[in-house]
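Throughout, read-outs are computed from the coordinates displayed, never taken from laboratory work. Predicted model, so just to flag it, every value in this text is computed and none were measured. Because the Cβ atoms are built from the backbone with ideal geometry, glycine has one as well, and the counts that use them run over all protein chains shown.
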Amino acid sequence: MRPRHAVAGLLLLASALNFFDRQVLSVLAPAITAELGMSNAEYSYVTAAFTLSYGVMFLLGGRLIDALGTRAGMGLAVSFWSLASLLHCVATGPLQLGLFRFLLGVGEGGGFPGAAKGVAEWFPPRERALGMGLATTAGSALGAVAAPPLIVWTALTVGWRGAFVLTGVVGALWTAAWFVLFRRLESPVVARGAAPSSTSLRGLLADPSLRRLALARFCFDPVFYFYMFWIPQYLSQEHGASLERIGELTWIPFLSLGAASVLAGVLSSALLRRGWSLVAARRRTMIAAALLTPASILAIVGGDALSAIGLLSVLLFAHGFWMTNYMALCSDLFPAAQVATAVGLTGAVGGLGGVLFNLGAGQTIDAVGYAPAIVLCGCAYLVALALLLPTLRVEPIEEGLA
């Protein structure tokens with residue numbers, strides 16, 4: 001195994017843990033909100049607390065990881081969010097739940113900028129889409145697929161509080177493994193002769209490509225937050241699904257996401273081997289993904305829970321292709337020393353969109369149901385694509401390999 005593949009595997013596990021931890025509340029939302037007497041609006045406040053801190057720390061965490069380096073930065077982030085996840089087990093009401101959710105977002109906000117930086121350091125541009133697909137989107141999907149059945153089984157066995165204890169223990173084990181294993185791999189194959197960048201946030205924001213990336217993420221990030229936080233509630237409230245049925249179904253959209261993430265990297269490499277440029281490969285894949293997402297709107301027409309999950313899975317399948325190429329695009333357009341900060345800045349803007357959308361969704365769902373939110377989700381990627389089209393014509397930065 002090449003060192004870069006070992007690093008990608010470690011980062012994949014970190015991304016999986018990142019999504020596993022945040023999915024515990026989502027999967028168990030029907031049981032937790034019932035026990036704590038929470039409305040949909042109150043639940044939206046709790047999810048917004050996570051999204052707010054997650055978005056802010058996407059930016060600050062990216063800067064921190066660029067300063068500390070991938071090894072120290074990722075270790076700090078995972079250990080912090082694992083402790084925050086563990087604290088959920090003592091929550092007795094919405095206020096405490098919101099506070100612990102806020103702390104979880106503080107830690108998790110550094111996860112994906114760190115993973116993106118690791119891939120940018122260890123993978124050449126022509127392999128970066130596959131590296132990003134494995135280390136970020138596929139890892140996220142793995143955690144989200146594993147979460148529903150395992151969390152439901154744990155909750156039915158030892159209660160919902162025990163599920164949060166499980167996440168804290170697993171996070172501690174990953175952190176120990178990370179510091180031990182990464183030390184043995186600290187001879188990157190990617191040669192970055194330049195000194196670390198001192199570009200300020202103002203300097204990055206002056207780049208029109210960064211501004212377009214951020215505005216696009218403001219549009220599509222709320223979709224993923226909504227799917228992540230509300231699918232179990234949707235199945236329970238719209239289709240009468242039990243906790244066991246939620247465990248049986250909720251992993252399906254995220255499996256489609258994971259499959260698409262890996263396929264996106266493989267497809268990108270195949271297109272490049274056939275003579276396509278990086279720009280053409282990124283652009284055409286993202287256009288196709290965006291055009292597929294409106295099919296998810298058909299979920300509001302009716303049918304049973306399985307049919308609805310199938311249609312919602314179409315959007316996450318498209319998201320896998322979209323997000324893999326979006327993250328690769330970020331690493332194409334900025335030097336490795338700036339990647340975590342650039343990704344963090346776009347994530348912060350996306351988090352802001354997620355906060356606003358979640359708060360609006362809670363009120364709207366209590367008033368008229370899920371249809372307006374599902375329609376907006378199905379249209380968001382087309383708007384993001386329109387914003388990104390000029391950036392999808394920019395040639396990538398090529399950085400040398402040892």
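Taking other Cβ atoms within 10 Å as a rough exposure proxy, ILE246, ILE365 sort from fewest to most as ILE365, ILE246. Pairs of Cα atoms in the range 1-130 fall into 10 Å distance bins, from 0 up to the last occupied one, in shares of 13, 40, 28, 15, 5, 0 percent.
The Cα center of the range 1-66 and the Cα center of the range 165-180 differ in position by 15 Å.
The three principal axes of the C-alpha atoms in the range 307-389 carry coordinate ranges of 46, 26, 21 Å, sorted with the longest axis first. In a simple Cβ point-charge model (Lys, Arg +1; Asp, Glu -1; nothing else charged), the range 70-156 has a dipole of about 100 debye relative to its Cα centre. Taking Rg and Dmax of the Cα atoms in Å as calculated from this structure, the corresponding entry among (1) 23.3, 71; (2) 19.7, 59; (3) 20.3, 64 is (2).
Express in whole angstrom the spacing between the alpha-carbon centres of the range 248-302 and the range 82-139. Using only Cα atoms, the two centres lie 22 Å from each other.
Give the relative contact order (percent, whole number) for the chain; include only Cα pairs under 8 Å separated by 6+ residues. Numbers along the way, then the final one.
Values: 730 pairs, mean separation 117.9, N = 402.
Relative contact order here is 29 percent.
I need the trypsin sites (Lys or Arg not before Pro) found in the range 258-334, filtered to DSSP loop residues with at most 10 other beta carbons within 10 Å of theirs. Spell out each step's value before the answer.
On the way: sites: ARG273, ARG274, ARG282, ARG283, ARG284; in loops: ARG274.
Listed in order of number, the matching sites are ARG274.
Just want the answer: with Cβ charges of +1 for Lys and Arg and -1 for Asp and Glu, which residue in VAL169, MET74, SER268 is farthest toward the dipole's positive end in the chain? Value: SER268.
Order by neighbour count: PHE254, PHE19, fewest other Cβ atoms within 10 Å first, most last. Please list the in-between numbers first.
On the way: PHE254 26, PHE19 22.
Ascending number of Cβ neighbours within 10 Å: PHE19, PHE254.
Can you compute the charge dipole magnitude of the range 219-293 about its Cα centre, using +1 on each Lys and Arg Cβ and -1 on each Asp and Glu Cβ, nothing else charged? Give it in debye, rounded to the nearest 20. Display every interim value, and only then the final one.
Numbers: 6 positive and 4 negative charges, 135 e Å.
In total the dipole reaches around 640 debye.
Taking every pair of alpha-carbon atoms in the range 43-95, give the share separated by more than 17 Å as a whole percent.
Of all Cα-Cα pairs in the range 43-95, 47 percent lie more than 17 Å apart.
Here, the range 203-247 has an Rg and a Dmax of 17.3, 51 Å when only alpha carbons are counted. Stokes-Einstein diffusion for the range 263-402 at 20 °C, viscosity 1.002 mPa s, with a Kirkwood radius from C-alpha pairs, works out to 127 µm²/s. For the range 251-299, the Cα-based Rg and Dmax, in that order, read 12.8, 39 Å. The slack in the chain from VAL165 to SER269, taken as 0.36 nm per residue of separation less the alpha-carbon distance, amounts to 33.4 nm.
If packing is taken as the mean number of other Cβ atoms within 10 Å per residue, what is the order of 43-55, 104-116, 229-241, 202-214, highest first? Walk me through the numbers on the way to the answer.
Numbers: 43-55: 25.4, 104-116: 29.1, 229-241: 21.4, 202-214: 16.5.
The peptides rank, most packed first, as 104-116, 43-55, 229-241, 202-214.
Extents of the range 1-44, largest first, come to 51, 15, 9 Å (Cα atoms, principal axes, whole angstrom). For the range 211-330, the Kirkwood hydrodynamic radius from C-alpha pairs, put into Stokes-Einstein at 4 °C and a viscosity of 1.567 mPa s, yields a diffusion coefficient of 85 µm² per second. Note on VAL375 and VAL180: with the Förster distance fixed at 60 Å, the Cβ-Cβ geometry gives a FRET efficiency of about 0.80. Over the range 74-136, the Kirkwood radius and the radius of gyration, each from Cα atoms, give a ratio Rg/Rh of 1.18. Prolate is the label for the range 222-287. Its Cα gyration tensor axes, ordered a ≥ b ≥ c, give a/c of at least 1.5 and a/b above b/c.
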